[in-house]
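Right, one structure below, let's go through it.
Please treat every number below as a calculation from the coordinates, not as lab data. These numbers come from a predicted model, not from an experiment. As a convention, Cβ positions derive from the backbone with ideal geometry for all residues, glycine included, and neighbour counts pool all protein chains shown.
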Amino acid sequence: NEALVALAKTQKASLNQDIITMEDLGSGALIDFSQYGGIKENTVTASLESGIDLVTFSGDKLLGGPQAGIIVGKKRLIDKIKKHPLCRALRVCKLTIAALEGTLRDYYDEAYATQSIPTLKMMLEDQTALHQKATDLVNTINTTFNHPLSYVTEVDSTIGGGALPMSKLKSYGVVLDVKEMSANTIFNHMKAHQTPIIGIIRDEHYLIDVRTLQENDTKHILEALKKFVNLS
């Protein structure tokens, strides 16, 4: 970024006209993820501090808010953008603005944000906690059905979402092994539940990455299993 900013300044001086620099950051990272385990992603603050005039990024993805597009940067340029007819045509609704405001307020306290914003909490969850979550789910499933139906396995969580498509995090998954049922059959049964459960098929096994599970999701998994497990 620094090299681009320097080039723009040089061209501005030689051409005697305004040269605007812009970076599409995409992910909307507001915190430095490298301090939490090596995830490398340039932050919005770092882009602005490099001297870039305008930075665009998503309200969702790594920021963790509602789907929206955000533009930040030099006030004189933001003022011009706000006056453009397209700004009115493409503006988001009041509900989106309210949700975005609520998300951004959480960032006043980074420690709080990493726990209150689901995307951040899932990305930064401790390995020990993930293993315990997987173990608890396996024990609950096997106890409910009075026979081994699941087991814990190591998996890689893919962050993806257009933010970090190639980045992976070590995690744990729960494999569902229903007698005489293929992974595809289990996948379709779980997906068809009233509260759809989207698992992963790897090496011809169906599994659920516990990193993505919320506190009340166990009951939905059990409800879905009860509807078809006795068919095997």
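Note on the chain: dipole from Cβ charges, positive end direction compared against 28, 16, 148; the farthest Cα belongs to 16. Axis angle, to the nearest 10 degrees, between helix 127-144 and the longest C-alpha principal axis of the chain: 30 degrees. How far is helix 2-15 tilted off the main Cα axis of the chain, in degrees rounded to 10, range 0 to 90? Helix 2-15 sits at roughly 30 degrees to that axis. Put a dot 7 Å past the Cα of residue 13, heading toward its Cβ, do the same for residue 90, and the two dots end up 3.3 nm apart. Assuming charge only on the beta carbon of Lys and Arg (+1) and of Asp and Glu (-1), the dipole of the stretch 129-232 about its Cα centre is about 160 debye to the nearest 20.
Rg/Rh, computed from the Cα trace of the stretch 1-73 with Rh as the Kirkwood radius, has the value 1.07. For the stretch 1-158, the alpha carbon convex hull comes to 159 Å³ per residue, rounded to a whole number. Largest first, the three principal axis extents of the alpha carbons in the stretch 31-124 are 42, 32, 19 Å in whole numbers. If R0 is 41 Å, what FRET efficiency do you get for residue 35 and residue 145 from their C-beta distance, rounded to 0.05? After rounding, the FRET efficiency stands at 0.45. With the highest mean first, a sort of the peptides 39-46, 192-199 on other beta-carbon atoms found within 10 angstrom per residue produces 39-46, 192-199. Note on residue 98 and residue 49: the model spin-label points, each 7 Å out from Cα along the C-beta direction, lie 3.5 nm apart. For the pair residue 226 and residue 80 in one chain, pulling the backbone fully straight at 0.36 nm per residue adds 46.7 nm over the alpha carbon distance. In terms of overall dimensions, the C-alpha atoms belonging to the stretch 81-160 reach 65, 27, 22 Å along their principal axes, ordered largest to smallest. The lysines within cross-link reach of residue 74, meaning a Cα-to-Cα straight distance under 30 Å and a gap of 8 or more places when in the same chain, are 9, 12, 40, 61, 82, 83, 94.
The count of lysine pairs in the stretch 103-232 whose Cα atoms are under 20 Å apart, excluding pairs fewer than 8 places apart on the same chain, comes to 13.
Taken about its Cα centre, the chain carries a charge dipole of about 1000 debye when Lys and Arg each add +1 at the Cβ and Asp and Glu each add -1 at the Cβ. To the nearest 0.05, how large is the calculated FRET efficiency for residue 131 and residue 201 if R₀ is 25 Å and r is the Cβ-Cβ distance? Result of the calculation: an efficiency of 0.70.
Counting other C-beta atoms within 10 Å, and keeping those with at most 12, which DSSP coil GluC sites (Glu not before Pro) do you find in the stretch 87-194?
Passing sites in the stretch 87-194 are 180.
So how far, in whole Å, is the C-alpha centre of the stretch 185-217 from the one of the stretch 56-104? The stretch 185-217 and the stretch 56-104 have Cα centres spaced 34 Å from each other. Across the alpha-carbon set of the stretch 102-232, the Rg to Rh ratio works out to 1.00, Rh being the Kirkwood radius. Largest GNM mean-square fluctuation across 188, 16, 216, computed for the chain with C-alpha springs under 10 Å, falls on 16. Karplus-derived 3J(HN,Hα) values for the stretch 169-177, using 6.51 cos²θ - 1.76 cosθ + 1.60 with θ = phi - 60°, are 10, 5, 8, 10, x, 10, 8, 9, 10 Hz; glycine and proline are entered as x.
Coupling constants for the stretch 201-213 follow from the phi torsions by the Karplus curve (6.51 cos²θ - 1.76 cosθ + 1.60, θ = phi - 60°), and in residue order they are 10, 9, 6, 6, 10, 8, 9, 10, 6, 5, 4, 8, 7 Hz; glycine and proline get x.
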